[in-house]
Structures are given as structure tokens and as C-alpha cells.
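Novice: If you scroll down you'll find the structure; I have some questions about it.
Nothing in this text is a laboratory measurement; each read-out follows from the coordinates by a stated rule. None of the values given here were measured: they were computed from a predicted structure. We place every Cβ from the backbone using ideal geometry, glycine too, and count neighbours over all the protein chains shown.
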Amino acid sequence: MSFSFYSKEAEIKDKVALITGGTKNLGANTASELARFGANLFLHYHSGSDKAKSEEFAAELTKKFGVKVELYQGPLNTNKELEDLFAAANKAFGGVDIAINNIGKVIKKPIVEITEEEFESMDQINNKTAFYFIKEAGKNLNKNGKIISIVTSLLAAYTPFYSIYQGSKAGVEFYTKAASKEFQDKGISVNSVAPGPMDTPFLYPQEANGDIEYYKTVALHDRLTKVEDIVPIVRFLATEGGWITGQTIFASGGFTAR
């Protein structure tokens, strides 16, 4: 018996990928990976102060890979703002095939010190925005599309001080499960990826040096998760991994597991 596997290049070439937080850190590296295989990109960034760097990044991708890249700047705090995001992508490209949500916020504090303002901000970014992203992706993606959310391996951790981060991310697992069933008629797969503590600027402001060293000791190869550990998993889910759906994939080097 012989098997014939289709190539990831054929699966992704000329598709359109919408990526929030798509011009730096994990989002930018994911954008580069998808562009490498021929995907056109609709990249969101939040702050107007990132405009010049985002435009430079988009130009580099176009020059290097010959793909079309469109940028979108603004907050994603309400259902209307998520509607506008997908409407702009549809206007730019005529449709979206892959939707990847990278944005998030972390606070490490004892429960008794968390303010209402901090709770509302974390819930807004990590929970509400993630929910409406999945909702609008389900409404707007082309048939056989892919939805991927970035969560955290701390969803499987028994640990102090991350209550609001874990709690505000936890709902995304269940939005993913429900959406994967509800979007089956369109052939859309829906998954989440849960990285371990990642060696990016997102991590260090919350952690003392001793904590960083500890995280290294409990993971494979005595190191933090790297962006390049996660990008291939996201790419796989966006291409030949489309049979996987409704899952949260822990990619933490054994930092946490289920």
C-alpha cells in the first residue's frame, strides 16, 4: 500500500491569512513563515507608534516572498472593531482563509492585589477579544478555513499569582471546542496553541530572574520556549494539519502538559 501526501506549499499558496499582532514577536514570525509558502497577509497591529516598523516589515515580506501584504492598525476591544477588521480584510483580498489571533496581556500578582481595572483589562484582551475574533472568523472565513488562537501552557499549571491570566485565557479553550463543532458545515477547523514561557519581551517584565531560571529547569533542554518552537505548529494547523480541530495543543517542552 502506498500513500500520497499533498504538499503544504499547495495547501497555502495564494491563500489569505489574517494575523492579529502580526508585525512583531510570534505574530511576525508566523507571518514570515506563511509568506514563505506563498500566503498573502492581512496583518493587524495595535499601536500607531508601530506604524513605521510595521510598514517596513510588510515591504520586506513583499520583496522577499512576492506576496501581497496589507496592514490594519487599531484596537480590537469590541465586537464592532472585530467586524471592521474582517470587513477590511475581505475588502482588501475578497476573502480570508486563515485567521490567527496572537494578542494577549499578562499580569502576575496575588489575587488580593488585583484591581478591578486590571481585571477588566485582562478580561477584555484575553477573553472578550478572543471570543469575538473566533465569532467573526466563523462568519467570514472561506470554506475549509483555519482558525488558530494563541493561549498559554499555564492553563495546565497549578501555580500562584497567575489567576487572572489563567482565568482570562481559559475560556478560549471552550470557545475553540464549541466553534469547532459549530463551524463544521463550512469545513473550518478551530484550534488553540498553548506555548510555554516564551523568550520574548512579553515575558520578562512580569518575572524575577530566579523565576526565569526555574522555568528553564522544568522544560526540555533547560530552556524557555522559543518563537521558532511555536511557528511550525501554527503553520501545520494552517496547512496539512487541518484534520485536527477543537484542540488545545500544549507546546511547552514539558513545562506543563495534559
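Novice: Determine the calculated [θ] at 222 nm for the chain from helices alone, applying -39500 (n - 2.57) to every DSSP H run no shorter than 4 residues and normalising by the residue count; nearest 500 deg cm²/dmol. Display every interim value, and only then the final one.
Specialist: Values: 9 runs with 107 residues, N = 258.
Dividing the helical sum by the residues of the chain leaves -13000 deg cm²/dmol.
Novice: Under 17 Å between alpha carbons, and skipping anything fewer than 8 positions from residue 216 in its own chain: which aspartates and glutamates qualify?
Specialist: 199, 207, 228, 229
Novice: Per-residue HN-Hα couplings for segment 134-150, Karplus 6.51 cos²θ - 1.76 cosθ + 1.60 at θ = phi - 60°, whole Hz, x for Gly and Pro?
Specialist: Result, ordered by residue: 5, 4, 5, 4, x, 6, 10, 5, 5, 4, 6, x, 10, 10, 9, 10, 9 Hz.
Novice: Once the piece of chain linking residue 90 and residue 170 is laid out straight, how much longer is it, given 0.36 nm per residue of separation minus the C-alpha distance between them? List each step's numbers first, then the result.
Specialist: Values: separation 80, 0.36 × 80 = 28.80 nm, distance 2.96 nm.
Result for the pair: 25.8 nm of gain on full extension.
Novice: Still on this structure, please answer the following. Using a cut-off of under 11 Å, list every residue of segment 76-106 whose amide N is near the label point 7 Å from the Cα of residue 139 along the Cα-to-beta-carbon line.
Specialist: Correct set: 79-87.
Novice: Another one. Can you list the residues, at least 5 places off or on another chain, whose amide H is less than 5 Å from the amide H of residue 223, using H built in the peptide plane?
Specialist: Residues meeting the amide H criterion: none.
Novice: How high is the FRET efficiency between residue 185 and residue 258 when r is their beta carbon distance and R₀ equals 41 Å, given to the nearest 0.05? Don't skip to the answer; put the middle values down first.
Specialist: Details: r = 29 Å, r/R0 = 0.70.
That gives a FRET efficiency of 0.90.
Novice: Counting only residues 5 or more places away or on other chains, whose amide H sits under 5 Å from the amide H of residue 96 once H atoms are built in the peptide plane?
Specialist: It is 142, by chain and number.
Novice: Can you tell me the 0 to 90 degree angle between the C-alpha axis of helix 227-238 and the longest principal axis of the chain, rounded to 10?
Specialist: Approximately 50 degrees, to the nearest 10.
Novice: For segment 210-255, which chymotrypsin sites (Phe, Trp or Tyr not before Pro) are both in a DSSP coil and crowded by at most 11 other Cβ atoms within 10 Å? Numbers along the way, then the final one.
Specialist: On the way: sites: 214, 215, 236, 243, 250, 255; in loops: 243, 255.
Passing both the DSSP loop test and the Cβ count: 243.
Novice: Given 5 Å bins starting at zero, what is the percent of C-alpha pairs of the chain in each, up to the one with the largest pair distance?
Specialist: 1, 6, 13, 18, 20, 17, 13, 8, 3, 1, 0, 0, 0
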